[in-house]
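Working notes, beginning with the structure itself.
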Amino acid sequence: MKGKEYLQRKLETKRTRVLLRYRYYEQKERYQDLGSLISASKAQEYNSVLGWCAHGVDFLADRLNFTGFDNDVLNIMDLYNQNNPDILFDSAILGALIGSCDFIYISAGEDGQPRMQVIDGANATGIIDPITNMLQEGYAVLERDPDTDKALVDAYFVPGSTEVYWRSTPQRKAKSQVFKNVSPYPLLVPIIYRPDAKRVFGHSRISRSCMNLMNKARAAISRSDITAEYYSFPQRYVLGLAQDTEFDKSKASVSSFLDLRKDDDGQYPQVGQFPQNSMQPYMDQIKTYAQAFAGEMGMTVDDLGFASSAPTSPDVVRSAHESLSKTARKAQKTFGSGFLNAGYLARIVADNYPYQRHAIAETIPAWEPAFDMSASQISGIGDAAVKLNQAVPGYITPDNLKKLTGMDGSTQNTQTEV
């Protein structure tokens, strides 16, 4: 065991990276590299905001809809149904996409039934068992001071027990309590997005490349905002004014009528206007960054608000998102494994019995298709299902049809064959 102090230090080193990505997701990360364009004092006041990172995360998260487990021998889904599964699953998926991982914390309620809570990656960490992908030991901050961000309640997780620490506050004294259990693993389960052998806690969907491209796009937006002031009020000039002439610049800036008279030599001042700047170069630059960002996220520029002129059919749209479809299927595998592990430990808590992990070897997480079927696709699948069942009776059933299309065939008349 590494110990609680080691895990505390590890969390502090990783916490800043997770919080940075949350700031990008929440559109709170400021961009102030405008010193060459406006004064330092104005740069502090100005901030351009762009929601590409949030849209890129939500675009995938909205397509990951967990439905339950096939061959659920331990009735794991019953425990999830007692813990607001619609919120719990979506919260766990979204947090893992932003911070590369988050955790499900399991504890026994007063009635002995398991309680399941999602903790983001900025408040929990641990040492992963490379075989089971569960923790060997874990640490989590359960409550922080909203003013100082210091931990008020934290917990250290090991197989068979969870030790909770309450820090001293004006309202209470410091104390700790050990909660025993019969679980062979700590009751803190990681939910990880795209893990590998080197980065066992996965990769964030908000990559460094995505943050860099969005910063460049925000800089282009900032420059276009500044240029728009000159675009709205083009700069003008007057040549040949006498030295003692009183000239009201404010009237010239709003195109008021100017009274410019002859000088002593009978010459008129020369009035001119500088060429008007165009906004098109900035729009082209922003669209270029949008194309690069969409490529990083497996999206299209249409998804970022740059509508294409060519009409698109559902089949074309689906083909354009093939990369995202593969990413979604990959995420379903890793997230499903995490939900299965958390449900397995929750069943141990509920029954107070140390089930062996091979008891869930045949249990399979189930998901809705990442993309809805179009009418033409449903028609084609229907024709194929009829032909397959004619060749092999019973090959296509309502259960596997739901996996293909997302439509629940169990509500249909049981006398009707697919």
* Structure fact -> When (1) surrounded by 15 or more Cβ atoms within 10 Å (Cβ to Cβ); (2) within 23 Å of residue 77 (Cα to Cα) are applied to residue 182, the one that fails is (1)
* Within the range 300-319, can one find any residue that is more than 28 Å from residue 64 (Cα to Cα), surrounded by 12 or more Cβ atoms within 10 Å (Cβ to Cβ) and either touching a strand residue (DSSP E or B) at 6+ places or on another chain (Cβ under 7 Å) or at pLDDT 70 or above (or both)? -> no
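Being part of a loop (DSSP other than H, G, I, E, B), open to solvent by 20 Å² or more (accessible area, probe 1.4 Å), closer than 30 Å to residue 287 by Cα and not β-branched (Val, Ile, Thr) narrows it down to one of 50, 94, 64, 74, so name that one.
50
Looking only at the range 97-123, which residues are of a type in the set (Val, Ile, Thr) and buried (at least 24 other Cβ atoms within 10 Å of the Cβ)?
Result: 98, 104, 106.
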* Among (1) in contact with a strand residue (DSSP E or B) (Cβ under 6 Å, 6 or more places away or on another chain); (2) within 15 Å of residue 338 (Cβ to Cβ); (3) loosely packed, with under 15 Cβ neighbours inside 10 Å; (4) not acidic (Asp, Glu) - the single one residue 132 does not satisfy -> (1)
* Asked: What are the pairs, 6+ residues apart or on separate chains, where a residue within the range 13-27 that is without any contact (Cβ under 8 Å) to a residue 60 or more places away in the chain has its Cβ under 7 Å from a residue that is crowded, with 16+ Cβ neighbours inside 10 Å and not in a helix (DSSP H, G or I)?
  -> 23/29
* Which fully enclosed strands (runs of 3 or more DSSP E) of the range 100-194 have 2 or more residues being within 30 Å of residue 205 (Cβ to Cβ)? -> 101-108, 114-120, 124-128, 135-144, 151-158, 188-192
* Only one of 272, 336 is open to solvent by less than 30 Å² (accessible area, probe 1.4 Å), under 30 Å from residue 111 (Cβ atoms) and either at pLDDT 70 or above or not in a loop (DSSP other than H, G, I, E, B) (or both); which? -> 336
* Condition test on residue 282, is it modelled with pLDDT under 85 and outside any loop (DSSP other than H, G, I, E, B)? -> yes
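The values are calculated or read from the model by the stated rules, or taken from the named source; none is laboratory data. Since the model is a prediction, treat every value here as computed from it, not as a measurement. Neighbour counts are summed over all protein chains in view; Cβ atoms, including those assigned to glycine, are modelled from backbone coordinates with ideal geometry. Surface accessibility is based on the protein's heavy atoms, side chains included, excluding ligands, DNA and RNA. Shrake-Rupley method; radii C 1.70, N 1.55, O 1.52, S 1.80 Å.
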